[in-house]
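Notes follow the structure.
The values are calculated or read from the model by the stated rules, or taken from the named source; none is laboratory data. Note that the structure is predicted; figures quoted are calculated from it, not measured. Cβ placement follows ideal geometry from the backbone for every residue including glycine, while neighbour counts extend to all protein chains displayed.
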Amino acid sequence: MLAARYYAPKDIRVENIEKPVCIPGMVLVKVEYAGICGSDMHNYRKGMFMTYAPETIGHEFAGTIIEIGEGVRGLTTGMKVVGDPRVSCGKCEWCLNGQINLCPQLGFIGEVSPGCFAQYLLMDPAKLLIIPDEIPLLEAAVVEPLAVAVHILRSSGLCTTQQNHSLGIIGAGPIGLLTMITAKVLYGVRTVVVDIAEERLKLAEKLGADKCLKSISESDENSIDAVVEAVGLGVTLKDALRWLKPKGKLVMAGLYEEKGHFDPNPIVTKELQIVGINSYDTADLQESIELIRRGKVIVRQLITDIVPLAETVQAFCTLDSGAKNSAKVIISMD
């Protein structure tokens, strides 16, 4: 089968490898679509989370069960599924309390075990969620990143119906845009999106952003109630602190490739709250499926590129360039 495999930073290769054999207690999934995530880009540039090399990368996917191992109950071949790609220790206090996103040893398929940028994937059946027939598999491939947006809004306490509440989003990538859409649809907040890429700002406006900015100017300082920082750069973190009103809330959802240096005094002088967000929990994945099924969040409009598996390397190179014209890039296994 074809698979996209990580060898080293900036060294991804599409090659033929052996198709997984379905073993007892496991399920074989034919992957139809897989999404390129921001963490995949961190791995591409720095190998930040990679445990093995070479390794098949990718963790966002939708597919169809084609084989069921001995002893597996409750699943049948032909079912459409998405995966919970988190891999935790299963023994720490957070895992035992069902908060596996807080496991100190948390990893993902595609980093600590074979991932989904391949035509077939062997999965633990407990890590599969059934997709209703009315959801196309292309849209189901966005369930996992939508779960991140749901978790941002739920766990950070940004879910609010306060009149005139304003939410700033720094970074109009998939997570930023999904957070913006979900916040508007479910909670009716006013949203302002910041990004340096003109095409992404046009998409944010099309998707319902109330205002779009290429930068935060002096006149924008102290003007927003809550900010989601979804980029992961020192300069965007600094901008978030400037942008917030006194008593505002900063939600840090971006991963940082480099250690940031910033002036912490605005946190003190404006009495800001800071919340960190890491992935999602199972309930967020389930809610994401329901949001798509009920037509509350139309994820298809975020998918700007669908590329064949054979062109995965080119897709990563394009996303790593300065163009930043794409939003959600989906790899098709056909």
Matching residues in region 130-145 (outside any loop (DSSP other than H, G, I, E, B) and surrounded by fewer than 19 Cβ atoms within 10 Å (Cβ to Cβ)) number 3
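Conditions tested, residue by residue: (1) surrounded by 15 or more Cβ atoms within 10 Å (Cβ to Cβ); (2) farther than 26 Å from ASP225 by Cα; (3) not small (Gly, Ala, Ser).
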| site | (1), (2), (3) |
| --- | --- |
| LEU255 | yes, no, yes |
| GLU258 | no, yes, yes |
| VAL268 | no, no, yes |
| VAL275 | yes, no, yes |
| SER279 | yes, no, no |
| GLU287 | yes, no, yes |
| GLY295 | no, yes, no |
Return the pairs, sorted by first residue and then second, in which the second residue is among the β-branched types (Val, Ile, Thr) and part of a loop (DSSP other than H, G, I, E, B), the first residue lies in region 108-127 and is on the phi < 0 side of the Ramachandran plot and assigned by TED's automatic domain parsing to the domain that holds TYR52, the beta carbons are less than 7 Å apart, and the residues are 6+ apart or on different chains. GLU111/THR51; VAL112/THR51; GLY115/ILE57; PHE117/ILE57; PRO125/VAL72
Within region 46-84, considering residues that are outside any loop (DSSP other than H, G, I, E, B) and among the β-branched types (Val, Ile, Thr), the one nearest to VAL14 (Cα to Cα): THR56
Top-ranked residue in region 183-204 [being in contact with a Ser or Thr (Cβ under 9 Å, 6 or more places away or on another chain) and in contact (Cβ under 8 Å) with a residue 60 or more places away in the chain; ranked as nearest to GLY232 (Cα to Cα)]: ILE196
Please go through region 10-31 and pick out each residue that is assigned to a loop (DSSP other than H, G, I, E, B) and either touching a helix residue (DSSP H, G or I) at 6+ places or on another chain (Cβ under 6 Å) or among the charged types (D, E, K, R) (or both). LYS10, GLU18, LYS19
Somewhere in region 90-101, is a residue more than 17 Å from the chain's Cα centre (by Cα), in contact (Cβ under 8 Å) with a residue 24 or more places away in the chain and in a loop (DSSP other than H, G, I, E, B)? yes
Restricting to region 239-264, what's the tally of residues that are of a type in the set (D, E, K, R), within 24 Å of the chain's Cα centre (by Cα) and in a loop (DSSP other than H, G, I, E, B)? 3
Breaking point among (1) in the same structural domain as CYS22 (by TED's automatic domain parsing); (2) among the β-branched types (Val, Ile, Thr); (3) closer than 29 Å to TYR44 by Cβ, for ILE152: (1)
